[in-house]
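Enquirer: Can you read through this structure? Questions will come right after.
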Amino acid sequence: MESLKDNMMTISSDEFENNIMADAEEFSPAIKQQDSGTHMVPEDDFKAVAYKQEWNEVSKLPAHYIRREDMKIKDVAMKHVLPFLPGKSLMKFRAVSNEWNHWIVCPLLAYQQSTSFQKLSGYFYQVVDVDFQSDPNFLSLDHSANGIPNPSLGFLPERIKVLSSSSGLLLCQGLESYYVCNPLTLDWERIPPHQYYHGSDPAVILAFDPQGNIESYFHLVAAVPLLDQPVVFFEIYSSQSNSWSRSSSECFELEDTTLVGGGLYMKGMAYWSTTSNGVLAFDVKNEVAAVLRVPIPPGRYGALTQVKDELSYVTFYNDCGDVFMLDIYGGMDMSLNHSVCINLGHKKSRQTLEEDPFIDNGTVLCSVLPCVHSGDDIVVICTTERIYLYYLSGQKVETFMTPGQLNPKRRFIPYTNSLAAIHELKN
């Protein structure tokens, strides 16, 4: 992820809403002036369309193929730079020319971009409730480069709750159905009904690996605790067969089968945090379950985070005053690998400390947000007033904008601004 400006400060809620409105305007059909005249961006959604193959009658090669000796800077940028850019940036570049517009909506570029651009772009956040009264919203980590046209996901047929994200796709829960969607292209598919009851706040993870997956197949993995028994079984959905099946693998090792929603998927593994300081792991391909014990003090909780391309469990707590402690657990035994003391300058008056409902005995409530594909090995820290990005390599803290006061009941789902296609499900 590109580094944010060093002097970035927290912005007001009004400014945050203005940024959301600006996102919507930037994704609206627009007319852009070009050197050769006026070029109109098509009014259809940002979806990949079939690429019409044209041929050069002289060279007998595809018309879009350019010999190395004939390449210009614009050709190099179009073929070798665009796949590494976030989706919002690509939307802007559709107005460069007809040639660029046709290439950006080509399915081949969508596949290349989904495999090349894998950086954390922001978070979908939402108050977790059972009656779907709270709409989701989107917090971009770089407003100029990352964004989506409809942060509330209003293009879906009903109000939803965001459950999981994987390589640019989102898993959402409706009243009776699951949906998988791409919030950038506005594509979505309704998942057929599952066989077992998953609960009002299900522990379901979207597993999607774009690399080598030109058909865009994906899986849903539901960890389902048995009622009043220390057993968790798994129900798996495959988009290739468009069906659910119960895995033969079961987990008997959890002391407490209460799973924390909003799990993490990386490198073929699905992970869930538990209230018993353990991590439930499930190998999606081989259907093997395991439990990783995290040796943290009772009553302290953290988040699953990708650090140095490996799974880590990160805790963050206010030790005293402005001093906060960051502990990173990882490895096969999930031992404490790194501990650092951070001063966030989170100063408050004594009267404010007494009146703030999210501050307990002068200690600021804080947490770590789940993070994948951060690129710069960052830890995203959330307090009641601000969001901070802590860079592990440079030990630098950046203050980030917040969407108003942060309710502890809000759930944050990490998201990558990707053009990833969704496999069209069979009827």
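The values are calculated or read from the model by the stated rules, or taken from the named source; none is laboratory data. Computed from a predicted model, the values in this text were never measured in an experiment. Here the Cβ positions follow ideal geometry from the backbone for every residue, glycine too, while neighbour counts run over all protein chains shown. Surface accessibility is based on the protein's heavy atoms, side chains included, excluding ligands, DNA and RNA. Shrake-Rupley method; radii C 1.70, N 1.55, O 1.52, S 1.80 Å.
Enquirer: Let me know the Rg and Dmax you get for the range 180-225 when you use only its Cα atoms, in Å.
Expert: 12.6, 35
Enquirer: Separate question: Quick one: pull the percent of accessible area on the range 193-258 belonging to carbon and sulfur, 1.4 Å probe, ligands and nucleic acids left out.
Expert: Percent of accessible area from carbon and sulfur atoms in the range 193-258: 49.
Enquirer: Now a separate question. Which value in nm describes the separation of the simple spin-label points at SER247 and LYS285, placed 7 Å from the Cα toward the beta carbon?
Expert: Placing both labels 7 Å beyond Cα along the Cβ direction yields 1.4 nm.
Enquirer: Can you compute the modelled spin-label distance between GLU424 and LYS409, with each label point 7 Å from Cα toward Cβ, in nm?
Expert: Here the answer is 4.2 nm between the modelled labels.
Enquirer: Further question on the same structure: Pulled fully out, how much extra length does the chain show between THR275 and GLN211, if you take 0.36 nm times their separation in residues and subtract their Cα-Cα distance?
Expert: Full extension from THR275 to GLN211 adds 19.7 nm.
Enquirer: Could you please state how large a percent of the accessible area of the range 73-162 is carbon and sulfur, counting protein chains only and using a 1.4 Å probe?
Expert: Values: 2030 of 3270 Å².
Carbon-and-sulfur percentage of accessible area, whole number: 62.
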